[in-house]
């Protein structure tokens with residue numbers, strides 16, 4: 001996070017200063033240390049700080065406080081704002097270290113990650129270098145709190161994007177408000193009127209932003225989490241303290257000491273009590289934000305208290321290095337986890353502690369060798385202010401270029417390895433002894449075929465056609481189009497329903513339906529299993545997947561309209577289902593299938609979940625091109641018999657037919673990831689369109705030619 005505190009030169013004493021005076025605040029430098037420790041410990045899954053992500057919120061309040069204080073003091077002193085100088089200072093401080101980190105991440109990604117991940121990381125680096133990483137991760141519906149093994153090495157740059165966007169617009173807003181306050185003010189009353197206009201303007205922004213945050217957290221949590229409009233209220237709270245500094249400075253020292261203690265306690269409570277299920281950044285974030293405000297207001301009071309503790313030299317040192325530490329800590333956790341093929345939390349505690357200490361060392365080196373060198377005009381002595389500004393802007397532009405180029409290079413290098421994908425329609429279906437022979441050969445295969453289809457680089461985008469034509473709904477959508485395929489003039493209709501594990505069969509069903517005289521209607525939705533159980537939203541932590549329930553109503557209505565001869569349902573069955581949630585999920589399957597039957601479906605067939613490998617298959621294959629057997633899965637773990645039996649029982653309870661798919665893709669206790677020249681999986685669970693078509697002979701018996 002940014003270190004705007006260093007724009008304020010240290011004063012000899014802070015004992016009598018108000019909360020936003022121009023003096024140096026050692027206690028707030030210490031608070032930065034608390035914030036970065038919370039974030040690092042949260043990401044490293046240490047100290048039980050399951051809500052340590054609130055450290056980012058602490059940073060936001062501090063940034064709003066320091067930046068607004070600087071702007072207000074400059075305007076009151078000179079009646080103007082030197083915006084060019086402001087942006088130059090920001091660029092000198094933030095961009096050089098960020099560029100160095102992004103270059104190192106690009107090189108590390110090239111050396112450590114399988115090439116199938118280079119394109120994604122490359123685009124992440126480009127977005128981070130342009131300070132729009134938050135837009136990219138929001139658009140991808142990234143779950144920041146998931147802490148998965150495949151998270152981007154620059155995911156933490158989302159918060160820097162928010163701050164950079166704040167720095168871009170905030171000075172213009174403050175300038176406009178202060179100019180409005182001075183306009184028409186009576187002589188001698190400019191200060192009071194300006195303060196009033198600032199408080200009203202910033203307060204209005206804070207209220208509107210908080211309302212947007214609460215609403216979007218409940219409806220579009222990824223966008224609420226990553227975007228400035230829903231985070232602006234946190235920065236605005238710090239800004240209000242800076243504006244109201246003279247009045248807040250009149251609070252008695254004893255009361256301010258109490259405020260600081262309560263504030264520190266509030267931050268710690270949030271870090272311990274909040275977790276990945278807390279709706280973030282909704283109303284719950286009031287706790288760490290208000291607590292941080294309390295520390296700012298009270299931390300500089302005289303006497304022993306929280307402020308004295310926060311001014312402890314080691315804390316101030318860490319606070320001084322906090323920006324660089326923040327930039328380094330996440331890649332230093334992600335890459336070792338990638339090397340070991342584990343989640344960060346699965347790494348040993350000593351290793352995680354060591355990586356955290358390494359991030360501190362890297363932060364110190366970056367601070368000394370890069371941040372401190374570039375952050376002030378002293379790096380360019382003898383220059384006039386105008387020429388110094390030009391030099392600063394040139395440095396900033398160069399840093400952006402240096403940051404972006406490695407990402408572009410990763411994308412370009414990936415392109416040289418990507419072969420042209422072969423469409424699913426060219427793959428011949430296999431059945432009977434032929435399929436069994438191919439599966440056994442796949443288990444014995446040790447080297448990657450030269451004509452693999454889809455290619456490893458293209459596998460992630462090897463999606464059924466329904467994803468491109470809008471007939472497979474993403475998280476936010478609930479209404480289906482016509483989506484009629486197969487033999488569109490046929491008298492018999494089959495309807496495909498379920499989540500992405502149902503949609504993965506579309507390429508095969510489309511082919512079989514056309515060949516056997518059936519009309520196929522596809523009604524699938526991501527993460528929307530055919531169950532009436534309450535489902536958690538797949539990307540918006542802390543809320544129900546209400547869009548799935550709405551889509552289910554649309555499916556039932558469409559089935560009642562079509563009265564199809566056959567409904568095919570399928571879903572991913574989580575291997576983590578257990579207890580009451582498991583009972584509710586399977587019971588919900590029976591209920592939903594019953595609704596489809598009541599709506600007019602003549603026959604319902606439930607396709608069992610496909611076997612799931614232990615890891616992302618294209619990545620595993622890319623790392624083991626001459627040892628493919630390492631990527632094959634055991635049938636027992638890829639398709640647990642207990643879950644299959646429960647899905648079969650749920651189907652039978654609704655008088656539906658259950659068809660297991662494990663034997664379609666596994667044999668002799670193993671499940672090959674490459675069969676012939678076909679890559680069977682596009683990720684850690686979904687089969688490729690080519691694999692679906694290869695298995696289509698098994699589906700042909702479900703869609704028999706119409707009689708008569």
Residues (surrounded by 15 or more Cβ atoms within 10 Å (Cβ to Cβ) and outside any loop (DSSP other than H, G, I, E, B)) located in the stretch 328-344 | 328, 329, 330, 331, 332, 333, 334, 335, 336, 337, 338, 344
Test set (1) at pLDDT 95 or above; (2) surrounded by fewer than 16 Cβ atoms within 10 Å (Cβ to Cβ); (3) more than 29 Å from the chain's Cα centre (by Cα) - residue 255 fails condition number = (1)
Output the number of residues of the stretch 655-682 satisfying the condition of being touching a helix residue (DSSP H, G or I) at 6+ places or on another chain (Cβ under 8 Å), part of a loop (DSSP other than H, G, I, E, B) and surrounded by fewer than 19 Cβ atoms within 10 Å (Cβ to Cβ).
-> 4
Report yes if residue 239 is at pLDDT below 90, buried (at least 20 other Cβ atoms within 10 Å of the Cβ) and over 29 Å from residue 46 (Cβ atoms), otherwise no.
-> no
Taking the stretch 539-559, which residues are surrounded by fewer than 19 Cβ atoms within 10 Å (Cβ to Cβ) and either at positive phi or modelled with pLDDT under 95 (or both)?
-> 542, 543, 544, 546
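The values are calculated or read from the model by the stated rules, or taken from the named source; none is laboratory data. Because the structure is a prediction, the values reported are computed rather than measured. Because the Cβ atoms are built from the backbone with ideal geometry, glycine has one as well, and the counts that use them run over all protein chains shown.
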